[in-house]
Each structure stands twice: as C-alpha cells, then as structure tokens.
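Before any comments, here is the structure.
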Amino acid sequence: MKQCQTVEQLKQSPPVPAVAEKVDSSQKPCDYNGLFSATIEQLKAENKYRVFTPLSRIRGQFPAARNATDEQITVMCSNDYLGMGQHPAVLSAMHEALDSYGAGAGGTRNISGNTHAHLQLEAELADLHQKDAALVFSSCFVCNDATLATFPKLLGKDMVYFSDENNHASMIEGIRHSNVRKHVFRHNDVEHLESLLKSYPKSTPKIVAFESVYSMEGTIGPIGDICDISRKYGALTFLDEVHAVGLYGQRGAGVAERDGVMDKVDMITGTLGKGFGVFGGYLAGSASMIDCIRSRAPGFIFTTSLPPVVAAGAAASVRHLKTSQVERERHQANAAYMKQLLSSLGLPLMPSASHIVPVLVGNAQKCKAVCDKLMREHQMYVQPINYPTVPVGTERLRVTPSAVHTREQMDKFARALLTVWREMDMKLFQEVPDVHQLMAKSKQVAA
Ligand SMILES: Cc1ncc(COP(=O)(O)O)c(C=O)c1O
C-alpha cells in the first residue's frame with residue numbers, strides 16, 4: 001500500500017516545475033466569451049433562447065402580481081395550482097418556524113441539518129402516500145435525477161429502465177446518469193411497454209418510470225394498467241405525481257389515490273413547490289428502498305437540507321390538504337370552466353384529461369407575440385411554451401387556472417385572448433390537429 005509522505009519528506013520533494021515553462025506562447029487562449037456568445041446567437045436563431053418574465057407576487061392576493069413596469073397583472077400560468085403559496089395556514093407555519101428555528105438548516109441531513117421539521121414533513125408524506133417512508137430532497141428535479149441515477153448501485157449494472165416518451169427532463173437525466181440500458185415506450189401505451197418488458201427474463205431487475213399528469217399536454221397515465229403489466233414481468237414502478245399531488249384524491253395524494261391504485265405503485269415522487277405551494281421534492285416507498293437511497297444517492301447526501309421554515313410550511317400545506325376539499329373542488333371547477341369558455345370562443349384547445357388547459361399556437365414567434373400582447377395590452381401573464389420544452393410545431397400557451405382565480409378574472413383572460421387572436425389574424429373554430437401525431441412527426445424530424 002502507498003505510504004503517505006511525512007511533512008519532512010514533503011519539504012524535501014523537488015519543487016513542481018513552474019507551469020509557465022510548459023506554455024507555448026505562440027498559442028492563443030481559448031476565446032471563452034466568443035464561445036458563449038456563439039451559443040447565445042445559435043439559441044436565438046433557433047428560437048430556443050429563453051426570456052424570463054420578472055414578476056413580484058403580492059402576498060395574499062394571488063393570482064395578482066406586479067410586472068417589470070410595476071403594473072398589476074393576473075398570472076394565468078402558475079403551478080401554485082391551489083393557491084397554497086399564499087394560504088394562511090402555510091404562512092403562519094412558516095412565520096412560526098422562522099421565529100423558532102431561524103433561517104437555514106445549517107448542514108446536510110448527515111451533518112447537523114436533520115431537524116424535527118424535516119422528520120415531521122417526511123412522516124406527513126409517508127402517511128399521505130400510505131408508504132413505509134419518505135425522503136425529502138432539494139427539489140423533485142434533484143429527487144428524480146438522484147434516485148434514478150442511484151438504482152444501478154443497488155440493483156446492479158444489468159438493470160433496465162423503461163421510460164414513457166413524454167417523461168420530464170428530470171427522469172430523462174436520472175436515467176441517462178445511471179448509464180444502464182433503457183427503452184422508451186410510446187406515451188401511455190401499455191401494449192408497447194409490455195412488448196418491451198417481455199423481451200427480458202423476469203429475473204432481470206427493471207424499473208418502469210412514468211408520470212400521472214403530463215404537464216405540457218394534460219394527459220393522464222393509466223397507472224393501474226402500467227403497474228399490473230410491470231408486476232407481471234417483475235418490474236418496479238416509479239411514478240412522478242409532481243403535477244397531481246395536493247390536487248387529486250380524497251387526501252391529495254394524487255391520481256393514484258383518485259384511481260384507487262396507490263398500493264400498486266412501488267415508488268412515488270412529488271414536489272412541494274406546485275400544488276403544495278412551497279418548495280422541495282420527495283420520494284415515498286418501502287422502508288428498505290428509502291434507507292438505501294438515503295445512504296447512496298449523492299444528490300441527497302452531499303447538499304444542505306431544506307431550510308426548516310420551508311419544511312414546516314410544506315408540512316402545513318400537506319396536512320391542510322389531507323382534509324380540506326374546497327381547494328381541489330374549486331380548482332377542478334375552474335379548469336372545467338376555462339376549457340369550456342375557450343373552446344366556445346373557437347380557440348384551439350388541445351384535448352386534456354386534467355387541470356392543464358393547453359392552447360395550440362404551433363409557431364414559436366407567434367406564441368411569444370401572443371403572450372407579449374396579452375401582457376402589454378391586457379395585463380394578463382401566460383408564458384409561451386416553445387421548443388425544446390415541447391416539440392417544434394406544437395408551441396402552445398399552457399393556461400393553468402388555479403383554485404383562487406375568480407370567474408371575472410377568467411372571463412377577462414378569455415376576452416383578451418380572443419382579441420389578440422383576432423388582431424393577429426389567427427384562425428378560430430379550426431379543427432385542432434391530433435397533437436400526438438404532430439408530436440411524433442416533430443420528434444422524427446428532430447431525430
Ligand atoms: C413532471 C415533473 N417532474 C419533476 C419536476 C421537478 O419538480 P421541482 O420543481 O420540485 O424540481 C417537474 C417540474 O418542475 C415536472 O414537471
């Protein structure tokens with residue numbers, strides 16, 4: 001074994017040659033700024049350059065906010081679906097926690113950052129999903145990425161992933177980081193999934209990764225069927241309920257709860273930043289699986305834990321939504337109202353089985369222009385959803401009426417959108433093309 005050098009030996013070691021001696025002075029250094037600028041130009045040329053909209057939320061008045069010019073506007077695209085980010089129960093829990101614990105957690109979960117607030121939140125989440133245990137991460141992006149990348153350490157390098165083609169970037173990244181074999185199955189296509197699963201021996205470790213609510217289309221996964229097929233071929237299921245937790249089910253555990261199939265799902269991930277209105281992500285599942293991820297996932301281990309204030313606010317939100325139905329009922333009623341309203345005006349709604357209301361524009365520049373006009377001329381904020389978030393040709397407005405939007409706000413938005421649509425000479429009462437075909441075509445072109 002190599003021995004460490006003593007301080008005396010280190011002192012006697014020959015000095016490291018000066019780096020300058022090795023530098024060829026005829027060479028120019030890399031033009032870093034030139035490369036960054038070229039990338040930005042390319043992003044702009046390809047309509048992939050993202051422009052973030054500055055916004056100040058106004059405490060207690062969501063969906064009202066202030067824009068860059070300090071005008072009061074109405075937010076129509078937030079993921080604070082139930083308005084829990086402004087809920088008195090959440091705010092008071094956070095004030096109390098701030099006064100009790102102070103600001104940050106002060107460390108990783110392993111080194112001094114394992115507060116009572118974290119443990120209480122994890123107990124709430126395990127109970128919500130009726131699983132043995134839960135583990136809180138910095139976000140659900142980190143949770144999906146870190147967890148999926150870690151499974152080969154637990155199940156071996158021969159394991160195989162099966163991933164829905166519309167899965168979120170966080171799962172795609174996690175599977176990519178795992179460096180194991182993966183198969184992509186057609187969106188929500190259980191038969192296709194089965195044909196892929198059956199090509200492996202039952203004993204090969206497999207994980208099927210999918211979502212409940214797909215947030216850009218509003219489609220909903222056939223959770224029970226996917227779990228049944230997975231079990232038949234010896235696969236575990238990994239379900240992302242990020243756009244459903246708090247929103248669906250009698251206690252807000254998501255679509256799996258609504259559909260009565262919670263016990264069939266092996267692992268559930270969720271966010272505390274959307275329906276629950278705060279911040280953070282989590283994984284729920286069996287005690288042994290959670291115990292392994294806790295000890296083997298670098299994205300969980302080597303990072304400061306959530307501020308206790310955030311954990312306490314999230315726990316208050318989860319607790320509140322376990323018993324209160326008002327927010328869920330209003331949310332569903334508002335989503336249905338908005339869909340009905342926009343389609344009666346002839347705006348091209350994409351079919352959605354959930355609370356997401358996608359309006360197809362089909363062109364990146366037009367999509368941005370519609371949103372700019374809505375903000376400038378009508379004080380309505382919707383973010384254009386363009387490539388690479390969605391395939392080229394399927395650019396859209398993703399409208400998300402929340403539980404706390406009033407009828408008046410929704411009517412005003414619909415009138416504004418209609419006005420902009422007419423002013424831009426865009427067609428009304430047009431048959432909406434089959435978006436799945438459009439997406440498949442677009443993916444072929446991209447490939
Ligand atoms: C399906 C899905 N999974 C995971 C995430 C990541 O969640 P978080 O915002 O908590 O990082 C998102 C988006 O934010 C998402 O849409």
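The values are calculated or read from the model by the stated rules, or taken from the named source; none is laboratory data. Computed from a prediction, not measured in an experiment: that's the story for all the values here. Note: ideal-geometry Cβ built from the backbone for every residue, glycine included; neighbour counts use all protein chains shown. Protein only, heavy atoms only, side chains kept; ligands, DNA and RNA dropped before computing areas. Shrake-Rupley method; radii C 1.70, N 1.55, O 1.52, S 1.80 Å.
Quick notes on this one:
- Net charge of neighbours whose Cβ lies under 13 Å from the Cβ of SER230, counting Lys and Arg as +1 and Asp and Glu as -1: +1
- Along the chain, longest interval not containing exposed trypsin sites (Lys or Arg not before Pro), exposed being DSSP loop plus at most 12 other Cβ atoms within 10 Å: 203-426
- Heavy-atom surface analysis with a 1.4 Å probe gives segment 291-358 a carbon and sulfur content of 59 percent of its accessible area.
- Averaged over its residues, the chain has an accessible area of 49 Å² per residue, based on protein heavy atoms and a 1.4 Å probe.
- Relative to the dominant Cα principal axis of the chain, helix 169-178 is inclined by about 20°.
- Candidates MET375, MET426, MET84: whichever shows maximal mean-square fluctuation once the chain is modelled as a Gaussian network with Cα springs under 10 Å: MET426
- Computed over the chain with a Gaussian network model linking Cα atoms closer than 10 Å, the most mobile of GLN365, GLN383, GLN130 is GLN365.
- One chain, two ends: GLN250 and ARG57. Fully extended at 0.36 nm per residue, the span grows by 66.5 nm beyond their Cα-Cα distance.
- Computed over the chain with a Gaussian network model linking Cα atoms closer than 10 Å, the most mobile of THR269, THR147, THR204 is THR204.
- Here the sum of -39500 (n - 2.57) over DSSP H runs of 4 or more residues, divided by the residues of the chain, equals -13000 deg cm²/dmol at 222 nm, to the nearest 500.
- Across segment 365-414, Cα pairs under 8 Å and at least six residues apart give a relative contact order of 27 percent.
- Alpha carbon centroid spacing (whole Å) that separates segment 263-302 from segment 111-135: 9
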